[in-house]
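Heads up, the thing below is written out as structure tokens.
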Amino acid sequence: MINYKVILLVNEKMDYKEEQQNEIDALDSIYCGEMIISGSDPYYQFEIPVKSDEFDSVQHDIGLSCCLKFEYVEKYPDDPPIVEIEDVVGFEEQEDELKEYLIQQAQDNVGMVMIFTLVSAAQEWMNNYSDSEKQRKIDDDDKRREKEMEAELKRFEGTKVTVESFLRWKFNFEEDMGVLKKRNEEEKNKKLTGRELFMTDKSLNESDLKFLEEGDSVKVDESLFEEIDDLDIGDAGSSDDS
């Protein structure tokens, strides 16, 4: 008697193996020279490198990269493969986040061969993360420049000007410039009497001495004294006695 259940299980195992082999052949042609097969017993184990679009192999600080390691399970693709992430560059702290994302993608694609889909999803995730990081840096730079501008503006705001503060500033400014001293001297000279001016201005003494030394005669206009006899010039003392 034929055990059809055993035959069915054998056929199912053969189908899984065949489907896995077909996918390996397809992946090898897609990632020619990049995919590395590390084993096939009992199931295929292989790795595929993934890079973001702007990744630079020379300048490792530009772009993201990693290596995805896959291992088939007995009933793949009806069960998801084992996925590991190694050689992470540029997103070390987000490695677990990417792994969770790929596990979810594998669950969503159960029943279909999915390695190419998972590799593409990883690359898309890395590109999105890279773009978001670049935008974050731009935003951070903008905020930094904005804070620097605000700090620079505050330097020029100074203290609010009032009448008292302005007069105080004006006094200090004029004192520094010598204006106040000059103004005080001018005010002092304006208040000098004729005698004080004569005493302080030595040039007046020198001019008088020079005038006398030259010996010029003084001319008197006699006509000014013609009517002096008509004037009643009395002795101040006599008028008081009368």
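For the range 45-63, filtering for residues that are of a type outside the set (S, T, N, Q), touching an Asp or Glu at 6+ places or on another chain (Cβ under 7 Å) and at negative phi leaves 3.
Please go through the range 1-34 and pick out each residue that is modelled with pLDDT of 55 or more and either of a type in the set (A, V, I, L, M) or in contact with a Lys or Arg (Cβ under 7 Å, 6 or more places away or on another chain) (or both). Those that are modelled with pLDDT of 55 or more and either of a type in the set (A, V, I, L, M) or in contact with a Lys or Arg (Cβ under 7 Å, 6 or more places away or on another chain) (or both): 14, 16, 24, 26, 27, 30.
In the set 123, 105, only one residue is under 30 Å from residue 135 (Cβ atoms), under 39 Å from the mean Cα position of the chain (by Cα) and surrounded by 13 or more Cβ atoms within 10 Å (Cβ to Cβ); that residue is 123. Criterion applied to 23, 34 was being in contact with a Pro (Cβ under 6 Å, 6 or more places away or on another chain) and either touching a residue at least 40 places away in the same chain (Cβ under 8 Å) or open to solvent by 50 Å² or more (accessible area, probe 1.4 Å) (or both), and the one residue passing it is 34.
Exactly one residue out of 39, 63 is of a type in the set (Gly, Ala, Ser), touching a strand residue (DSSP E or B) at 6+ places or on another chain (Cβ under 7 Å) and in contact (Cβ under 8 Å) with a residue 40 or more places away in the chain: that is 63. Is it the case that the range 130-149 has a residue that's more than 25 Å from the chain's Cα centre (by Cα), closer than 30 Å to residue 32 by Cβ and among the charged types (D, E, K, R)? No - not one qualifying residue is present in the range 130-149. When 55, 46 are checked against the criterion of being closer than 22 Å to residue 32 by Cα and more than 46 Å from the chain's Cα centre (by Cα), a single residue qualifies: 46.
Taking the condition touching a strand residue (DSSP E or B) at 6+ places or on another chain (Cβ under 7 Å), open to solvent by 60 Å² or more (accessible area, probe 1.4 Å) and not in a strand (DSSP E or B), does residue 86 pass? No; evaluated as a whole, the condition is false for this residue.
The values are calculated or read from the model by the stated rules, or taken from the named source; none is laboratory data. Everything quoted here is computed from the prediction, not taken from an experiment. Glycine gets a Cβ as well: all are built from the backbone with ideal geometry, and neighbour counts include every protein chain shown. Calculation scope for accessible area: heavy atoms of the full protein, side chains included, ligands and nucleic acids excluded. Shrake-Rupley method; radii C 1.70, N 1.55, O 1.52, S 1.80 Å.
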